[in-house]
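Trainee: Structure provided below as structure tokens; questions to follow.
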């Protein structure tokens, strides 16, 4: 289980990323955040977000039109 | 100074459609850890007003699809190709187009401009209003949201000269 969850379903660019960033601020290093989104553009965006911010993307999956990501906050 | 990357944007457009790029890019860059400054000049000043009243005009903009944000799928898919002459003669055409765009934005889960502007502020994006155009257009500082800096081209270059990315929108 992730330490925190973010429901970003129905939101479009750039809101899933902005909400994610905000929520990561509430976590401490090493904790995880699970995000559920419906924006197909989020797949590439979360890879790019992880790469640029140093937060690790542990998981990226798709099922029934929903995209799930798990990010681990940078220590 | 921090080692964060820097993004400098000049925002020159004051319509609802063109309000999106500067606010989307500024807020996203801030989320990625950039230091961001946006310099608002000419019509871009409209984006800083306390009372936002942004409109979109399809008139003379052949690239803008005119689709209805309601009804069955086949109806939503129709592109209403209205001649310029008709657009310019029908009173309230711009307001109608603006209402339709706002509804489409809502239907697609896209943020509103007031929300994106607020997200930029929360992320400490720095807004600078061009003092020359503030005077040119007869605005008062009180027309704008609080916390702005008022400056000129030299103020912009102070930050832009050290930026990693610099955009004119």
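The values are calculated or read from the model by the stated rules, or taken from the named source; none is laboratory data. Note that this is a predicted model, so its numbers are computed, not measured. Cβ atoms come from the backbone with ideal geometry, glycine included; neighbour counts cover every protein chain shown.
Trainee: Do you know which of the residues in the range B:1-53 that are assigned to a helix (DSSP H, G or I) and more than 14 Å from chain A (Cβ to nearest Cβ) is nearest to residue A:13 (Cα to Cα)?
Mentor: Filtering the range B:1-53 down to residues assigned to a helix (DSSP H, G or I) leaves B:20-31, B:42-48.
This time we only want the ones that are more than 14 Å from chain A (Cβ to nearest Cβ), so: B:42-48.
Working: B:42: 27, B:43: 25, B:44: 22, B:45: 24, B:46: 23, B:47: 20, B:48: 22 Å.
Checked the range B:1-53; the qualifying residue nearest to residue A:13 (Cα to Cα) is B:47.
Trainee: I need the full set of residues from the range A:19-68 which are in contact with a helix residue (DSSP H, G or I) (Cβ under 8 Å, 6 or more places away or on another chain), within 21 Å of residue B:6 (Cα to Cα) and in a loop (DSSP other than H, G, I, E, B), in order please.
Mentor: Residue satisfying the conditions is A:55 alone.
Trainee: For the subset of the range A:1-18 comprising residues that are in contact with a strand residue (DSSP E or B) (Cβ under 8 Å, 6 or more places away or on another chain), within 12 Å of chain B (Cβ to nearest Cβ) and not in a strand (DSSP E or B), which member is nearest to residue A:33 (Cα to Cα)?
Mentor: Checking each candidate, the answer is A:16.
Trainee: Let me ask another. Quick check, is residue B:81 within 14 Å of chain A (Cβ to nearest Cβ) and more than 17 Å from the chain's Cα centre (by Cα)? It would help to see each step written out before you state the result.
Mentor: On the way: within 14 Å of chain A (Cβ to nearest Cβ): no; more than 17 Å from the chain's Cα centre (by Cα): yes.
No, not satisfied.
Trainee: Right, next: Does residue B:59 satisfy being farther than 21 Å from residue B:111 by Cα, touching a residue at least 24 places away in the same chain (Cβ under 8 Å) and within 14 Å of chain A (Cβ to nearest Cβ)? First the steps, then the outcome.
Mentor: Working: farther than 21 Å from residue B:111 by Cα: yes; touching a residue at least 24 places away in the same chain (Cβ under 8 Å): yes; within 14 Å of chain A (Cβ to nearest Cβ): no.
Answer is no for this residue.
Trainee: Please pick out the residue among B:44, B:109 that is within 13 Å of residue B:15 (Cα to Cα), surrounded by 14 or more Cβ atoms within 10 Å (Cβ to Cβ) and either modelled with pLDDT under 95 or within 21 Å of the chain's Cα centre (by Cα) (or both). Can you show your working first?
Mentor: Working: B:109 fails: within 13 Å of residue B:15 (Cα to Cα).
Matching residue, one of B:44, B:109: B:44.
Trainee: If you check B:120, B:130, which single one turns out to be within 20 Å of residue B:22 (Cα to Cα), within 14 Å of another protein chain (Cβ to nearest Cβ) and in contact with a strand residue (DSSP E or B) (Cβ under 8 Å, 6 or more places away or on another chain)?
Mentor: Numbers: B:130 fails: within 14 Å of another protein chain (Cβ to nearest Cβ).
Residue meeting the stated conditions: B:120.
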